[in-house]
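Each remark here refers to the structure printed beneath this line.
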Amino acid sequence: MDILTPKGQESKRQEDQAIKLWHKAYPDLRYCETPKNKPAAIDAIIVKGDQIQAVVETKCRPQLNMTIFALEHKSRWLVTDEKIRKAQQIAETLQVPFVGFLYLPETDALLFETLWHPEKGWTVNIQVKETQTQATINGGKIFRKNAYIDMSHAKLIMGDDFEQPTTE
């Protein structure tokens with residue numbers, strides 16, 4: 001499993017920081033992880049009290065900061081199509097939203113967006129293309145269907161250490 005490698009462990013530390021940001025902003029909502037040493041179809045569920053509120057896919061993109069993400073990537077998030085389809089099916093089965101978490105560690109920023117809702121269907125623009133991308137966190141190349149998710153309207157949580165630019 002990739003999580004057991006040094007790069008996987010760094011990704012886990014970044015995911016933990018993203019979860020801290022989430023809990024700071026939404027203390028009444030728990031982020032309950034799936035086992036990291038097994039190939040789970042989703043990364044977590046969000047729970048309030050005793051009720052599941054959402055299914056979550058979380059990604060960390062250490063090479064990106066907010067400026068690069070917005071300008072160079074046109075606010076699109078790449079996830080394998082298979083991964084988001086499985087998560088959507090789980091959300092549909094549970095009748096809860098499917099939420100995407102995108103953490104950018106260089107700027108300690110968490111973007112999150114409802115990707116699918118049981119009453120509305122897909123709530124963001126998603127383009128699916130067959131492209132060559134990195135196979136795993138540890139490298140390699142693979143040609144597969146990838147989903148490019150519009151995150152231009154995502155909500156943003158910033159960490160305490162990030163200095164907001166001034167407009168003066």
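Among the residues of the range 134-168, the ones that are modelled with pLDDT under 85, in a strand (DSSP E or B), closer than 20 Å to Pro105 by Cβ and β-branched (Val, Ile, Thr) come to 1 in all.
I want to confirm something. Restricting to the range 70-82 and keeping residues that are within 19 Å of Ala109 (Cβ to Cβ) and outside any strand (DSSP E or B), which single residue is modelled with the lowest pLDDT? Reasoning before the result, please.
At the first step, the residues of the range 70-82 found to be within 19 Å of Ala109 (Cβ to Cβ) are 70-79.
From what's left, outside any strand (DSSP E or B): 70-75.
On the way: Ala70: 59, Leu71: 47, Glu72: 54, His73: 59, Lys74: 60, Ser75: 80.
Among them, the one singled out is Leu71.
Candidates are the residues of the range 111-123 that are under 16 Å from Val79 (Cα atoms) and of a type outside the set (Ser, Thr, Tyr); the one that is surrounded by the fewest Cβ atoms within 10 Å (Cβ to Cβ) is Trp122. Here Phe98 meets each of (1) modelled with pLDDT of 90 or more; (2) farther than 18 Å from Leu29 by Cβ with one exception, condition (2).
Regarding Glu130, is this residue among the charged types (D, E, K, R), in a strand (DSSP E or B) and in contact with a strand residue (DSSP E or B) (Cβ under 8 Å, 6 or more places away or on another chain)? Considered against the rule, which asks whether it is among the charged types (D, E, K, R), in a strand (DSSP E or B) and in contact with a strand residue (DSSP E or B) (Cβ under 8 Å, 6 or more places away or on another chain), Glu130 comes out as yes.
The values are calculated or read from the model by the stated rules, or taken from the named source; none is laboratory data. Computed from a predicted model, the values in this text were never measured in an experiment. Please note: Cβ atoms are built from the backbone with ideal geometry, for glycine as well, and neighbour counts cover all protein chains shown.
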